[in-house]
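J.: To start, I am sharing the structure in question, which I have written as structure tokens.
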Amino acid sequence: MTFFHFINCFALSFAPYFIVYKYSGINEYSSIWKCATASGGYLLTQLVKLLILATFFPTSDVEGFAIVPEFLKNCADIMDVIGLHLLMTNFLAGKGEVRFLVGGIGWGFAHSIAHRAILLWVGARASAFTWRWVQTSLDSSFDLLLILSMAALTWMLTRSSNKLIIVPVLALCIFSTFIYQTVQNVLLITSWSILVFRAIYSISVASMTVLVYSVNRSSNSVKKYD
Amino acid sequence: MQEEILDFFRNPFVIFSMTFMLTFCVVNGSQQIGDVVEMEFHAYRLNQYEISGNIYGSKNYRVAYEAVSLNSRTLRRCMVTTWRELLTLDVDDMWQLSTGAVLIFIPSDIEKLSDVDRQKFLEFENRLSTVKTDLSVYVAPTTEDSASVLADVNNKEDKVQSIVQQLIQSIAGNTIQLTSGDNDGELTDTYKPSNIVGRLSSNERGAPTIAFVAHYDSSSVIPGLSAGSDSNGSGIVALLELLAVLSKFYDRPTTRPPFNLLFIWTAAGKMNYQGTRHWIDEYQKGSDDEKLDLAICIESIGRKTDGLYMHASKQPSETSVAANIFRRIKAIAPNKKFDLVTKKISLTSVSSWEHEKFNIKRMPSVTLSTLPSPTDIARNSILDNASQIDEDELIENVRIIAEAVLGYILNLPENGPSTDSRVSSESTMLSKEAVDKQRIHHFIRQFASKPRPVGDKLATESTIANIAAAASGYSKVSKSAVTITDAKVYGVTKSKLVAERVKPAVFELVISGGVMAYLAVFYYIAINAQKSIEVGILNNLLVKPYISTLCKNENEKDCVSQRQATVLFIIFCLIRMISNKFEDYLGLKIMLSCNVRQQYSGRHFGAALGFPFLTRSLSSTVTISSAPLFLLIVFTSTSIAFYPYAKDFAILCRLIYNAIQRRHYSQNHQLMFALTALYFYFSIIFMELLDVSFGMYCENQSFFGLPILFPNFNFPLLLYIFHISILHHHKTMPAIVYEVNQENCFIQLNRMRCITNKDCIEMSKAYQLDAQPSRTTTIQRRLLEGRIIQVRDMKELEDILPCKISTQIRKVSLSPKPQQQQFAINFE
């Protein structure tokens, strides 16, 4: 529905990244160039992921949704974690928290652009009105939460003594796409319901991450004071 | 650590929100109306043509307008309607509009219309045929998708709304935008349809010629939909079959008759026989040594009427070829009604039969048809489709014509082989299978079942090619392009219409307001993110240990919980007593006389749920020493407390399930509401069970700093509310009017139906109507589609009615619209 709708959706998709970068205080610790580096890292990782997918998971003839192949396909997303890890250890500098925040924002922004920009450009300008594009744009903020959590968890993974708590939460992040798809196909929910599900899912994963982070930090600090 | 995660999950709100999706799933699963935003369907345009300077039909073919109903017709809109509605309303002023469009829905299965409907449909066509308008007029067969456009449009128009609703509607309401697709059906100047001529030659100089002529195009008010099976698909088929039958005699020189035969399929016959006129002009310019003995035009011979007719412009003289053939046909088919119909040629108007074009140029010609009159409405109707063709009749007619012509060209005796009346054996020149049933069937499928209006370039060209291909198997075939002179043909007989649900432009502003608000919230969170996360972490790390240091004294804690339990128990009991006693005063005595409410009463403010809590709190001191006893007490009290609620839940489930099956909920949000209530009902009971079994929720829970006394205190109240709200839903049924004969008055009963599918005594209302009987009858008959029941007297009526007749008298509303809007589109 007109260009205005496109502008609305565009703002809804990408402004959150800008806001998070600008107003959460990260810009004081890191330049925007680092975010761009993270975006580049995202693109490279996706390339590798695509190659892996093309090599090991050729397009199946099965129509519709099948759980096991989808799950296997989604395993390629583990590459994201490796990519993020390499990115944060080798290309980003500064305090650990700053690293994973910057990495997460850059990564998420690139992810959002890759997933939404063209879709919105093509779809949101059509004259028929549908909520779909607004929903897609809202999804963007939930993806941000997930990716930030993923970055934080990846960062903690190599630095924490208590890996047992981190791994399940990280798995929740990695397999989010798979879980969304499964929920969508098994429960046959669509549009707003799936959006609400995504919101709840990502918010709960994010809060779990905060929990894990706090536990991790406290155990670290306890060690220090001991 | 695990404790913290467990704590997180212990919070009832988390479980609520995580599992709330279930309700959505159920509702979405049972969705009744699709939410399609964009749909495409084929629509067929009203004809547009000019004959001798007169313009007919719809001048435009572009549509890019908002869809509105017929009642709100204005400029620059697309009026959407059905053919029935168009018949009942006077829409002359609509055709005068200068810009806009009209979309008319007709049934998709025209063949299945009843006889009454067929008559109506012919009238509808007749009305359209006189239309001359600047609007683009389209007709579309009803499909599920396209019908929903109509339903939407009508729904929007007919709701009586308050000002607020209207405002909301104007900001956020859906409108339907109809757009016509890319029209590639426009005709170019170079487009010329062709005549096809098949020739069987006698190879003798100066041999006379007999021509068979049939025009091959079809036409009606909606050219894109008219198969023209009889007029003139049957003509095409007849000519092809005649060619196939007669060509056998031309195979060998010994059997070759001394006549040339021409088979001419002419173009644009519905445009005042353009192709025929063109062919005659060319023929007259050609060589003089060919003499046309007779042109036999064939049109509409595939339908069973009362006989076969030979149409001529004047009585043919006894010695003429036409008379000869007429006599022969009479002799061949003595049992068939075969008449000669003469009609004078009018030079000023459009020719009524094809042979008139020949007669004008002083060439002998007649038309054979099963129609007795050229004004027969079936000649130019959409209803003239393949199902109307009677194949046996067509075969018989073709056979008669073939025999008669053969008899003439082979110069056989007119009255059969013997003039002796005692000889009665049949004699034919043709074998029984000469006119091939299979072949005719195939020709009908190929040529007489699809629309081929002259305005549709693709269809016309493929018809030409197909006829030429079929004819070339039997004879030499030539084609010649026809110049249309005193008429003009326009293209675009059909178009793809796209209906899109769109929102008004203002709505975009509303959305952008929403986006701004969302971003503002995001901004706020981002600014405070650090702080709030730190506070959360601090709470987790510091507050818990602080509390645990407070609670070191075990005895004190027991003391507190025992006191708390006693106080709560007293409160529960008080509330229960009060709620029982004062239900009416609290405004809670809703629909108490409704039988559903009496049957399934809810549990008032069921304090029963308080017992498990009480038991546990009181007995926590003895827990450790006598665990089995404790478990026994808890189990007993639990089962007592839970049984009625579990039973209620089961009843509610069954009620809702049955209600869904009966489509009790007319709208999705009502169903959504009921299921949500049911869901909460379930989760409350479930949580209570968890609480009783494991003591999960009672300790130290607070909400905004206030202690939550739930589940034991809040939940029973909620349970009551949810229970009642599920039971409370009533469905409005169509009203009934009772005519009381002795009292001479009318009682209207507005029925409401309970969720148990019984008429509700409480909610149904009966009124006496104020109007005079005769007036009421007519108005109400229309409103209720005849749902008027006659009763003898008031006493009998009171036995029937579920409720008492209200003292107030109700005015009969004179609005022409029915109160119960039903938008199911029924063409049956």
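The values are calculated or read from the model by the stated rules, or taken from the named source; none is laboratory data. Source: prediction; values computed, not measured. FYI the Cβ positions are ideal-geometry reconstructions off the backbone, even for glycines, and counts take in every protein chain you see.
J.: Suppose the filter is modelled with pLDDT under 80, closer than 30 Å to A:A128 by Cα and either within 14 Å of chain B (Cβ to nearest Cβ) or over 22 Å from the mean Cα position of the chain (by Cα) (or both); does A:G25 pass it?
T.: In short, no.
J.: Out of curiosity, is B:I467 more than 20 Å from B:Q274 (Cα to Cα), among the β-branched types (V, I, T) and surrounded by 21 or more Cβ atoms within 10 Å (Cβ to Cβ)? Steps first, please.
T.: Numbers: more than 20 Å from B:Q274 (Cα to Cα): no; among the β-branched types (V, I, T): yes; surrounded by 21 or more Cβ atoms within 10 Å (Cβ to Cβ): yes.
The answer is no for B:I467.
J.: Take the residues in the range B:493-525 that are farther than 24 Å from A:S24 by Cβ and exposed (fewer than 15 other Cβ atoms within 10 Å of the Cβ), then tell me which one is modelled with the highest pLDDT.
T.: B:G513
J.: Let me ask another. Kindly establish whether B:I761 is surrounded by fewer than 20 Cβ atoms within 10 Å (Cβ to Cβ), modelled with pLDDT of 75 or more and either closer than 20 Å to B:M794 by Cα or assigned by TED's automatic domain parsing to the domain that holds B:R663 (or both).
T.: Criteria not met by B:I761.
J.: Moving to a separate point now. Go through the range B:243-342 and tell me which strands (runs of 3 or more DSSP E), entirely inside it, have 2 or more residues that are more than 48 Å from the chain's Cα centre (by Cα) and within 23 Å of B:H215 (Cα to Cα).
T.: Answer list for the range B:243-342: B:260-266, B:291-298.
J.: So, one more: If you go through the range B:501-510 one residue at a time, how many are in contact (Cβ under 8 Å) with a residue 24 or more places away in the chain and either more than 9 Å from chain A (Cβ to nearest Cβ) or charged (D, E, K, R) (or both)? Before the answer, list the steps.
T.: We begin by selecting, within the range B:501-510, every residue in contact (Cβ under 8 Å) with a residue 24 or more places away in the chain; these are B:501-504, B:506-507, B:510.
Right, trim to either more than 9 Å from chain A (Cβ to nearest Cβ) or charged (D, E, K, R) (or both) and you get B:501, B:503-504, B:506, B:510.
Here the count works out to 5.
J.: When residues of the range B:294-308 are filtered for being touching a strand residue (DSSP E or B) at 6+ places or on another chain (Cβ under 8 Å) and surrounded by fewer than 21 Cβ atoms within 10 Å (Cβ to Cβ), how many remain?
T.: 1
J.: Could you tell me whether the range A:167-188 includes any residue that is in contact (Cβ under 8 Å) with a residue 60 or more places away in the chain and facing chain B (nearest Cβ under 9 Å)?
T.: Within the range A:167-188 (the criterion being in contact (Cβ under 8 Å) with a residue 60 or more places away in the chain and facing chain B (nearest Cβ under 9 Å)), the answer is no, since none of the residues qualifies.
J.: For the range A:115-133: of the residues being hydrophobic (A, V, I, L, M, F, W, C) and assigned to a helix (DSSP H, G or I), which is farthest from the other protein chains (Cβ to nearest Cβ)?
T.: Initial filter on the range A:115-133 (hydrophobic (A, V, I, L, M, F, W, C)): A:117-122, A:124, A:126, A:128-129, A:131, A:133.
Still in the running and assigned to a helix (DSSP H, G or I): A:117-122, A:133.
On the way: A:A117: 17, A:I118: 20, A:L119: 16, A:L120: 13, A:W121: 17, A:V122: 14, A:W133: 10 Å.
Ranking the qualifying residues of the range A:115-133, first place goes to A:I118.
J.: Take the conditions assigned to a helix (DSSP H, G or I), free of Cβ contacts under 8 Å to residues at least 12 places away in the same chain and crowded, with 16+ Cβ neighbours inside 10 Å and apply them to B:K357. Does it pass?
T.: No, not satisfied.
J.: Of the residues A:S39, A:S60, A:S31, which is more than 10 Å from chain B (Cβ to nearest Cβ) and either at pLDDT 85 or above or under 30 Å from B:T175 (Cβ atoms) (or both)?
T.: On inspection, the qualifying residue turns out to be A:S39.
J.: Another one. Only one of B:S202, B:S220 is assigned to a loop (DSSP other than H, G, I, E, B) and under 16 Å from B:R379 (Cβ atoms). Can you tell me which?
T.: Only one candidate qualifies: B:S220.
J.: Quick check on this structure: which one of B:A323, B:A312, B:A378, B:A333 is in contact with a strand residue (DSSP E or B) (Cβ under 6 Å, 6 or more places away or on another chain) and among the hydrophobic types (A, V, I, L, M, F, W, C)? Even if it seems obvious, please write down each step before you answer.
T.: Details: B:A323 fails: in contact with a strand residue (DSSP E or B) (Cβ under 6 Å, 6 or more places away or on another chain); B:A378 fails: in contact with a strand residue (DSSP E or B) (Cβ under 6 Å, 6 or more places away or on another chain); B:A333 fails: in contact with a strand residue (DSSP E or B) (Cβ under 6 Å, 6 or more places away or on another chain).
After applying the criteria, what remains is B:A312.
J.: Does B:I382 count as touching a helix residue (DSSP H, G or I) at 6+ places or on another chain (Cβ under 6 Å), part of a loop (DSSP other than H, G, I, E, B), among the β-branched types (V, I, T) and within 25 Å of B:I51 (Cα to Cα)?
T.: yes
Let's see how each residue does on (1) more than 36 Å from the chain's Cα centre (by Cα); (2) more than 30 Å from B:E38 (Cα to Cα); (3) within 14 Å of another protein chain (Cβ to nearest Cβ):
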{"position": "B:T460", "(1), (2), (3)": "no, yes, no"}
{"position": "B:N466", "(1), (2), (3)": "no, yes, no"}
{"position": "B:S480", "(1), (2), (3)": "yes, yes, no"}
{"position": "B:A487", "(1), (2), (3)": "yes, yes, no"}
{"position": "B:A499", "(1), (2), (3)": "no, no, yes"}
{"position": "B:S512", "(1), (2), (3)": "no, no, yes"}
{"position": "B:I527", "(1), (2), (3)": "yes, yes, yes"}
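Table: residues versus (1) crowded, with 19+ Cβ neighbours inside 10 Å; (2) free of Cβ contacts under 8 Å to residues at least 40 places away in the same chain; (3) away from chain B (no Cβ under 14 Å); (4) among the aliphatic types (A, V, I, L, M).
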position: A:I7; (1), (2), (3), (4): no, yes, no, yes
position: A:Y21; (1), (2), (3), (4): yes, no, no, no
position: A:L43; (1), (2), (3), (4): no, no, yes, yes
position: A:L50; (1), (2), (3), (4): no, yes, yes, yes
position: A:L101; (1), (2), (3), (4): yes, no, no, yes
position: A:A110; (1), (2), (3), (4): yes, no, yes, yes
position: A:I113; (1), (2), (3), (4): no, no, yes, yes
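J.: On to the next question. Could you pull out every one of the helices (runs of 4 or more DSSP H) wholly within the range A:1-104 that has 1 or more residues that are closer than 20 Å to A:I118 by Cβ and among the charged types (D, E, K, R)? First the steps, then the outcome.
T.: Values: elements: A:2-23, A:32-56, A:67-74, A:78-86.
Hits in the range A:1-104: A:32-56.
J.: Could you check, for the range A:70-79, whether at least one of its residues is at pLDDT 85 or above, over 27 Å from B:Y523 (Cβ atoms) and β-branched (V, I, T)?
T.: Checked the range A:70-79: at least one residue is at pLDDT 85 or above, over 27 Å from B:Y523 (Cβ atoms) and β-branched (V, I, T).
J.: Within the range B:137-157, track down each residue that is at pLDDT below 75 and either touching a Lys or Arg at 6+ places or on another chain (Cβ under 6 Å) or of a type in the set (K, R) (or both).
T.: Selection gives B:K156 alone.
J.: Could you check, for the range A:139-162, whether at least one of its residues is under 22 Å from A:G83 (Cβ atoms), away from chain B (no Cβ under 13 Å) and over 18 Å from the mean Cα position of the chain (by Cα)?
T.: Yes; the residues of the range A:139-162 include at least one that is under 22 Å from A:G83 (Cβ atoms), away from chain B (no Cβ under 13 Å) and over 18 Å from the mean Cα position of the chain (by Cα).
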